[in-house]
Amino acid sequence: MKKKLKIIIPIIIIFIVIIAIVIYIMVQNNKIEENTNYIDTEKSNNDTEKEATYYYNAGDRFTYYKEVKDDYSGEYDIQYLTLDATEDISSFEVCEYMNYSDYVSYCEKWNLKQAYNYENYHYIMFSYYATSESEYKKGTDSIESRLVGLKYSSEETLLYIWDGNISTTEEDTYAAYVIIIPTREQANTVNYASCITSIEYEVLSQSTDKPIIYLYPTKDTEVSVKLGYPNRLLTSYPQYINEWKVIAKENGDLTDLETGRNLYSLYYESRNIEHYQVEKEGFVIKGEDSAEFLEEKLAILGLTEREAEEFIIYWLPKLEENEYNYIRFASEEEIEENMSLEINPNPDTIIRVVMTFKGLKNPIEVKEQKLETPERTGFVAVEWGGTEIQ
């Protein structure tokens, strides 16, 4: 009996050890460990970005990201590099372990380290950097990224990626990012959708509506009007191409030199870059009192009765549909930030009025905004528009 036990016990121990080894291997194969020595999204992004709500580019519009079902439950590694602007490490592919290892070896000079050692896995590798100096200025701008999420299948992997500019003080270098995702099965194709944060979405959603420009020279004058940021235009009339050129008369009548059409103003709408919001100062009025309020305030801001009438006709329906409205008139600095104007010859008086407003169900307390009245002298240029605060 003792002899049998001497034989059986070692066999049992060996069997237990083998089972333990098999279980350990299975656990390791089913778990992708993220090496904490490498920069991951939890460490490389601040809390604001980490907790942000995102929207993704769905063709011609941005859609709330949470509509996307995330099928991938694994982990990933995101690493940041400081690159020489002349080097090319751009990559967007699904590869085998050997290719991934070779890629990392090539990038070791930029301190990219190998985070994974799973030879039986496939690797999605997505890296990005500016391809020319014109995309990002050396020494001033660089890029960083966040992998917001992904949708994975054996047919396709769709990456949802946010990236933005950060600052760097190093000359002739900029930061790039490399996203590496190990997968058990190889995806046939890899695509990505650009994401923006909820704050960026609000900015993109805001536009300055119905800005129109009036010109009143002291005599018939050929005038050139240039918009500082034509890339932000949503629409314009007459169509804006590099500049507007008109003959302006003393009474404000215009003749478009491109088409010969007679006009009374120049019109455009543009996407804002300055994000308007409810401030500590402004005005809170009942929707039904909007006309009387605008008549008073637009006169203070320097608009004529005709200009004010056109302003009121456009904005009154939007204001009256609300119980209350918060209203603030944008500062010159804010207006200039969103769309600068270059008028030649230079007017003696420039009046730019942009009303920002937000509909309210109940009134709020704000400090009354102080308004100044400009003096209309000489060649006068007037512009008005408005923005609804999202």
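The values are calculated or read from the model by the stated rules, or taken from the named source; none is laboratory data. This structure is a prediction, so every number in the text was calculated from the model and none was measured. Backbone-built Cβ (ideal geometry, glycine too); neighbour counts: all protein chains shown. Side chains are part of the model used for accessible areas, which takes the heavy atoms of the whole protein and leaves out ligands, DNA and RNA. Shrake-Rupley method; radii C 1.70, N 1.55, O 1.52, S 1.80 Å.
Before moving on, here are some points about what is shown:
- Gyration tensor verdict on region 221-326 (Cα atoms; rounded if a/c is under 1.5, prolate if a/b is larger than b/c, oblate otherwise): prolate
- For the set Ile247, Ile161, solvent exposure ranked by accessible area (probe 1.4 Å, protein chains only) runs largest to smallest as Ile247, Ile161.
- Shape summary of region 335-390, radius of gyration then Dmax from alpha carbon positions: 15.1, 47 Å.
- Anisotropy class of region 262-378 from Cα gyration tensor, a/c 1.5 cut: prolate
- Among Arg328, Arg184, the order of accessible area from largest down is Arg184, Arg328, computed with a 1.4 Å probe on protein heavy atoms.
- Residues whose amide H falls under 5 Å from that of Leu360, counting only those 5 or more places apart or on a different chain, are Glu323, Tyr324, Asn325, Tyr326, with hydrogens built in the peptide plane.
- Subset of Lys249/Lys370; Lys280/Lys318; Lys318/Lys361; Lys297/Lys361; Lys286/Lys367 violating a 26 Å alpha-carbon distance limit: Lys249/Lys370
- The GluC sites (Glu not before Pro) of region 306-358 that meet both conditions, a loop assignment by DSSP and at most 14 other Cβ atoms within 10 Å of the site Cβ, are Glu321, Glu323.
- Computed E for Gln186/Glu375 - FRET, C-beta separation, R0 51 angstrom, nearest 0.05: 0.10
- 3J(HN,Hα) from dihedral phi, region 246-256, Karplus parametrisation 6.51/-1.76/1.60, rounded to Hz, x for glycine, proline: 9, 9, 9, 9, 4, 7, x, 5, 10, 10, 6
- Heavy-atom surface of region 273-355, accessible at 1.4 Å and reported per residue (Å²): 51
- Summarising the amide proton neighbourhood of Thr183: residues at separation of 5 or more, or on other chains, whose placed amide H is nearer than 5 Å comprise His122, Tyr123, Ile124.
- Element breakdown for region 202-353 at a 1.4 angstrom probe: carbon and sulfur atoms account for 42% of the accessible area.
- 3J(HN,Hα) from dihedral phi, region 324-339, Karplus parametrisation 6.51/-1.76/1.60, rounded to Hz, x for glycine, proline: 9, 9, 8, 10, 9, 8, 5, 6, 4, 5, 5, 5, 5, 5, 7, 7
- Annotation: amide H-H contacts under 5 Å for Ile351 (H modelled 1.01 Å from N, sequence separation of 5 or more, or interchain): Ala381, Val382, Glu383.
- Among Leu257, Leu266, the sequence by solvent-accessible area, most first, with a 1.4 Å probe is Leu257, Leu266.
- Counting only protein heavy atoms and using a 1.4 Å probe, the accessible area of Thr218 comes to about 90 Å².
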